Amino acid sequence: MLRLLEDTTGGAPVEDIIALSALNVSMDITTFLNLNPDVIKALNVSTVISLMGQNKADLKLFENSTTVRMWVAQQYNSELAVLGLSGGKADPVSSTAAPATTVTTVLTNTTITQTNQTVNTTVVWFYMFVLWCVVWMDHWFLLQESLMHFLALPVVRAVVVKVLVVQQNNVLDEIHTFPPSTVTAVGVARITLNGPSLLGPF
């Protein structure tokens with residue numbers, strides 16, 4: 001049977017050779033090299049491996065032959081690596097790489113935009129806070145200055161002195177309820193109350 005195949009496959013069309021690869025015939029390297037060159041070019045790595053079976057390692061031994069080199073040049077390097085062969089075509093670039101890059105770019109641009117908006121909002125709030133502090137401090141200084149002018153009025157000074165004197169008299173009235181042992185302390189307190197420190201700068 002094998003001898004019959006060797007005699008008849010030389011001019012077989014590619015369809016018959018592909019069908020033969022499913023029959024586990026283990027075609028030898030000599031028969032493979034005698035196939036129609038156009039048929040060999042049309043066979044992919046998977047079909048050749050199935051066609052040659054246990055003899056597929058012989059392809060490495062004959063890798064420098066014109067027929068094997070011609071066939072290798074039509075295959076992808078990643079597929080030839082299974083047979084230990086090289087010198088084929090570069091592997092195709094995945095078509096999904098570009099959309100993935102586009103999606104990544106869109107996401108990056110969105111992130112940058114959101115970050116810029118956050119920074120701008122933070123800057124606006126900071127300037128508003130600084131402005132509020134300036135306005136508040138300005139009003140505080142004005143209030144403090146107005147209060148100092150108010151306390152400098154003679155009438156206000158007289159009222160303040162009168163209030164302090166009343167408070168002093170109230171303290172003295174409460175001293176009479178103290179035990180005798182506190183007389184010395186009361187005397188000291190009275191001197192302090194009658195002193196200039198009571199009225200401060202008035």
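Summary of values
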item	result
Interchain or long-range residues, amide H under 5 Å from residue 76's placed H	89
Heavy-atom accessible area order for 142, 23, 35, largest first, 1.4 Å probe	23, 142, 35
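The values are calculated or read from the model by the stated rules, or taken from the named source; none is laboratory data. If you're wondering where the values come from, they're calculated on a predicted model, not measured in any experiment. Side chains are part of the model used for accessible areas, which takes the heavy atoms of the whole protein and leaves out ligands, DNA and RNA. Shrake-Rupley method; radii C 1.70, N 1.55, O 1.52, S 1.80 Å.
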